[in-house]
Amino acid sequence: MSFDRSYFSRFRLVAVLAALFLLAGTPAGHANPLSQKNDYSAAPVNFTAQSLLHDDEKQTVTAIGDVEMVQEAQILRADAVIYDLAQDRVTAIGNVSLLDEEGNLHFADYVELHNHMKEGLVQKLLTLLADGSRFTAEEAKRENNGIKTTMTNATYTVCKVCEMDPHPLWQIKASKVVHDADKKTVRYKDARLELLGVPMIYSPIFSHPDPTLKRKSGFLRPQYGWSKALGTHIRGGYYYDIAPDKDMTLQVEPTTLAGILTEGEWRQRFKNGQLKINASTANSSRKEEDGRVEDDKQRGHVTANGKFDINDKWRSGFDLARTTDKQYLRLYDISKENVLTNQVYAERFYGRDYSRISAFNFQDLRLGIRPDQPDIVPMAEHYMIGEPQSLWGGRWQAGISALGLNRQNDNQSMQRGSVDAGWERRGISSWGMETLLHLDGRGDFYAVENSDAALVNPALDRSPKTARGMATANLTSSYPLVKTVASRQAIIEPVAGISFSPNVSHTNDKIPNEDSIDTNFDSNNLFQQSRYPGIDRQEDGGRMNYGLKTGLYGDNGRYGKVFIGQSYRFSGDRTFPQGSGLEDRLSDVVGQVQAGLSDYLDADYRFRLDNQTLAARHHEIIAGGGNNKFRLNSRYFYTAGVAGTGFDEARQQIQMDGTYNITETWKFKAAGLVDIGNQPGLRNATTGFNYVDECFTFSVEGSRNVANEASGDNETKLLLRIGFKNIGEFSGPQISLGGNQVKK
């Protein structure tokens, strides 16, 4: 039945206000309806009951027997509901239940609300939240005009609860829980964490922010561990919520072997950007690469980054990263970066155009003797691209750039200016042939100081200046042939391309090679107009590229694809280094094989074979297989050495990782990387067990890292983690056996 009489007008608030009261103590991590702004008081309330009594003398309205009230998405049920208009008091008695708009379900034996429904009492509260959480309280009382809510004998858990065994896997119990809506805090008295009904952790009193508060100042959970390099160490800190737009974190980590680490972080947002600064310092001994040990050295690091929107077209930013020595960041487990990059930049976006100007500085943290890292000042570029089919049925592009590489101590420096323009058109003939025509022209100017080539040949100018021009025409065509067979399609697609550009002198020692040293010839760049990765070296002359694509595609999603191709250069000049696959007129054979046999088995194999003997010069295979119970992934990599690139020797590695689901909740995993090249041996390995259910996670993991030239790390770690859903993760002591830093 539905009522519109005036004395029922305030009765329609019952469902909403009851929901607010019942949810006042929602645990951290769940939405608090006190922060919602929806006005449900204006929505009509429909309710039914076996009988409805109105006492004009006492000014009460009583609904009795299977009372149900529905307002919007909320449903309130009870054996009886009494509304005292004179005292502004609502009472729900017997089997009270409320389904709120978020899908949370609340039960109680008795609910009483008064003072415009802002204060009241709930007895025997049980809340089943939509995410599976369970919250109970013997009694909940709201006071102080709705500001303070006190719950007694409260429990909280995310675990499933069996009525035959009332002890879940874990739960939090407290004799009293007080929620202060004004201070936005939740305080606990006599709180304890129970595992299978056994108290494990006890705290006489503690507090945390309520769910409506995203940030609040306070102490951070401490972390502790042991390693050979640091000894016993423990880290504690304090988070300071300064203002809505800024905060700060301070942490201190005393160690028994490496002094005291102090670290701080500052974060701030602005109207047009953001800023983050992190810095640390410690006083400890430092082992140099030559074996010397320096005691009581003040060490540290700083990192910072910022990004700012200047207007709707321009933005700027910077990244800063510096440290006092090569081993500091790894020693205190702050970072494992091999090279720290510092940059400042400004960039512009406008339509299809892009502009950027930047400057870079690098700090090399790799052990051993390394080439000097240059400062890049400036690096400027501007690129433009036309609309599709805007010029002769194709698209144009143009760009201009400038680059300055600066090294100290009379080492080679270089300034380069470049300009390029091109045009591209793609077309498909009436009989199915696809053709791509690309025309490109560029000019480069170089000014070099302290040329490396002049050190080898004193007759050369130490500071040469030179210019170079290059034009390229590249035409690529393919003709796919498709045949449908039963429930699959077979595709054969021959591809051929031809490129022309004028011959340039490759004995011009005036142009240094800074960005085109490491060439990687494979199926991905076979048809590119230049197979060099950068600008300093340009592929010239005439050449033909050709290949064949085949594939079989099933309607069930399974597939197999094969590509094989080669390149032929018309002139015999050697432009690429020995071992690159392009040093001869007839290039190496490159290809790729891909297969997807099911949802549980796939493979990707790429190769490069010698053009005469078909001996392997590069192999890489990535494959994975398994089922819902077991999964194994593997990667094998082999590449021959390339002269002049810094990788003159062959490299060969194999990497594997696998998981085995022992049960629905227990999982075993393992992974490893092994070098099987000239210096064979284990590089790193990890193994561990995981347990995951609806409310609890547990893992124990061990890892082994073996020393190498790039990182200098050599240690074994053991780590224990325990996680409680909606509460957080607790890590056991990280035990590190090793941790020594080694030199090359």
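The values are calculated or read from the model by the stated rules, or taken from the named source; none is laboratory data. Quick caveat, the model's predicted, so the values are computed rather than measured. With ideal geometry, Cβ positions are generated from the backbone for all residues, glycine too; neighbour counts draw on all protein chains shown.
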Practice task
For residues that are of a type in the set (K, R), within 50 Å of the chain's Cα centre (by Cα) and assigned to a strand (DSSP E or B), tally how many sit in the range 81-130.
Solution key: 1
Problem - Subset of the range 532-582 (residues that are surrounded by fewer than 16 Cβ atoms within 10 Å (Cβ to Cβ), among the aromatic types (F, W, Y) and either in contact with a Pro (Cβ under 8 Å, 6 or more places away or on another chain) or part of a loop (DSSP other than H, G, I, E, B) (or both)) - result: F570
Problem - Tabulated pairs, the range 64-82, first at pLDDT below 90, second crowded, with 17+ Cβ neighbours inside 10 Å and acidic (D, E), C-beta under 6 angstrom, 6+ apart or interchain - result: Q74/D100
Exercise for the section: For the range 485-493, state whether one or more residues are assigned by TED's automatic domain parsing to the domain that holds V590, within 14 Å of K510 (Cβ to Cβ) and not basic (K, R). Expected result: no
Exercise for the section: Would you be able to say whether some residue in the range 168-180 is crowded, with 16+ Cβ neighbours inside 10 Å, part of a strand (DSSP E or B) and modelled with pLDDT under 80? Expected result: no
Practice task
Could you tell me whether any residue of the range 394-410 is among the aliphatic types (A, V, I, L, M), closer than 17 Å to D515 by Cβ, touching a Leu at 6+ places or on another chain (Cβ under 6 Å) and in a strand (DSSP E or B)?
Solution key: no
Handout entry: S429 vs. criteria of a type in the set (S, T, Y), at pLDDT 90 or above and within 30 Å of W314 (Cβ to Cβ)
Key = no
Fill in the blank from the handout: When every residue in the range 181-190 that is modelled with pLDDT under 90 and in a strand (DSSP E or B) is compared, the one surrounded by the most Cβ atoms within 10 Å (Cβ to Cβ) is V186
Exercise for the section: Considering each residue of the range 687-702, count those that are under 18 Å from Q655 (Cβ atoms) and surrounded by 17 or more Cβ atoms within 10 Å (Cβ to Cβ), and give that number. Expected result: 1
Practice task
Would you be able to say whether some residue in the range 476-498 is at pLDDT below 90, assigned to a loop (DSSP other than H, G, I, E, B) and touching a Leu at 6+ places or on another chain (Cβ under 9 Å)?
Solution key: no
Practice task
Restrict the check to the range 149-162 and report whether at least one residue is farther than 28 Å from F698 by Cβ, surrounded by 14 or more Cβ atoms within 10 Å (Cβ to Cβ), in contact with a Leu (Cβ under 8 Å, 6 or more places away or on another chain) and not acidic (D, E).
Solution key: yes
Completion exercise
In the range 600-653, anything touching a residue at least 60 places away in the same chain (Cβ under 8 Å) and either touching a Pro at 6+ places or on another chain (Cβ under 9 Å) or of a type in the set (A, V, I, L, M) (or both) is listed as A640, V642, A643, G644, T645, G646
Practice task
Please enumerate the residues belonging to the range 196-231 that are aromatic (F, W, Y), closer than 30 Å to P244 by Cα and either within 27 Å of the chain's Cα centre (by Cα) or surrounded by 12 or more Cβ atoms within 10 Å (Cβ to Cβ) (or both).
Solution key: F219
Problem - Test: S530 is in the same structural domain as G393 (by TED's automatic domain parsing) and closer than 19 Å to R416 by Cβ - result: yes
Fill in the blank from the handout: Within the range 125-156, residues being over 15 Å from L113 (Cα atoms), β-branched (V, I, T) and at pLDDT 85 or above number 3
Fill in the blank from the handout: Only one of G534, G542 is free of Cβ contacts under 8 Å to residues at least 60 places away in the same chain, closer than 26 Å to P374 by Cβ and not aliphatic (A, V, I, L, M), namely G534
Handout entry: Evaluation of V485 against (1) crowded, with 17+ Cβ neighbours inside 10 Å; (2) over 19 Å from F570 (Cα atoms); (3) without any contact (Cβ under 8 Å) to a residue 60 or more places away in the chain (one fails), failing number
Key = (1)
Fill in the blank from the handout: Within the range 314-340, of all residues that are β-branched (V, I, T) and in a strand (DSSP E or B), the one surrounded by the most Cβ atoms within 10 Å (Cβ to Cβ) is T323
